[in-house]
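Asker: Let me give you the structure first, and then I'll get to my questions.
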Amino acid sequence: MNMLGQISAVTRMSLRTVPHRLGSSLVVVIGMACAVGPLVSILSMSAGFLRTMGATGSPSRAIILSDGALGEWGSSLAHGQAAIIADLPGVQKDGARKPVVSAEYIGYTVVPKKSDGLDAYLTVRGVSTENPNLRPEIKLVSGRMFRPGKYEIIVGQAAQAQFDDRIRTVAGSNGAGAASEIEKANQLLSSGAITQAEYDAIKQKALA
């Protein structure tokens, strides 16, 4: 009997005896499903994370973390250390011979979604003015670049649509200038999302 015949015979015999060992067979099947299911989920998350990192990363960029940090969220570098890193040889320079370096801060906040009201964790990244040179793939589809020292952010279109009620000044999605900022602040004031004092402060900054 060849190998295929042996495999076929063993398979038929095993299937015929399943009704006699139904309980033990179910234990094996359910146990394997419970073991394989979480493993597949973890591998899927890992594959998605690696695919995202591969699509958004660049061989010309490097992330420098403090000693012992497992990620950006746990890294802490002093301002002087960032300046030393910027002056290291091999760091790319822009047209004005300034190093293309962005000392960044990663923060997290919880914001309710507009669609269902459930809380969602958002990552907020503080960047420097060199960010456009560091990440040229980021394109503004409306509005302008943020102004340093102002309470302004650049957001993706999906994030703005999902959390627009909680975003007070969005530089990168607000192309109409001061009038649009004041109009939006007025809408927030009317809905009770901000106070009169906050509205006055937004208006003053927009007209500055």
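Asker: Measure off 7 Å from each Cα along the Cα-to-Cβ vector at Tyr151 and Glu72, then give the distance between these two points in nanometres to one decimal.
Answerer: Roughly 2.4 nm, to one decimal.
Asker: For region 87-159, build the convex hull from the C-alpha positions and give me its volume per residue in Å³.
Answerer: Hull volume normalised by residue count: 131 Å³.
Asker: So what are the three principal axis dimensions of region 12-51 from its Cα atoms, in whole Å, longest to shortest?
Answerer: Sorted from largest, the Cα extents of region 12-51 read 46, 19, 7 Å.
Asker: Right, here's the next one. Stretch Leu22-Arg125 to full length: gain in nm at 0.36 nm per residue minus the Cα-Cα span?
Answerer: 31.5 nm
Asker: Suppose R0 equals 30 Å. What FRET efficiency, 1/(1 + (r/R0)^6) with r the Cβ-Cβ distance, do Met32 and Asn2 give to the nearest 0.05?
Answerer: That gives a FRET efficiency of 0.55.
Asker: Further question on the same structure: Using a 7 Å offset from the Cα along the Cα-to-Cβ direction at both Lys93 and Leu65, what is the distance between the two label points in nm, to one decimal?
Answerer: 3.1 nm
Asker: Still on this structure, please answer the following. Calculate, for Met45 and Gln196, the FRET efficiency according to 1/(1 + (r/R0)^6) with r their C-beta to C-beta distance and R0 35 Å; round to the nearest 0.05.
Answerer: 0.15
Asker: Work out the length of the dipole vector of region 59-157 about its Cα centre, built from +1 on the beta-carbon of each Lys and Arg and -1 on the beta-carbon of each Asp and Glu, and round it to the nearest 20 debye.
Answerer: Computed charge dipole of region 59-157: roughly 440 debye.
Any read-out appearing in this document is the output of simple, stated calculations on the displayed coordinates, not a laboratory observation. Remember, predicted model here, so these are calculated numbers, not experimental data. Note that each Cβ is placed from the backbone with ideal geometry, even for glycine, and that neighbours are counted across all protein chains shown.
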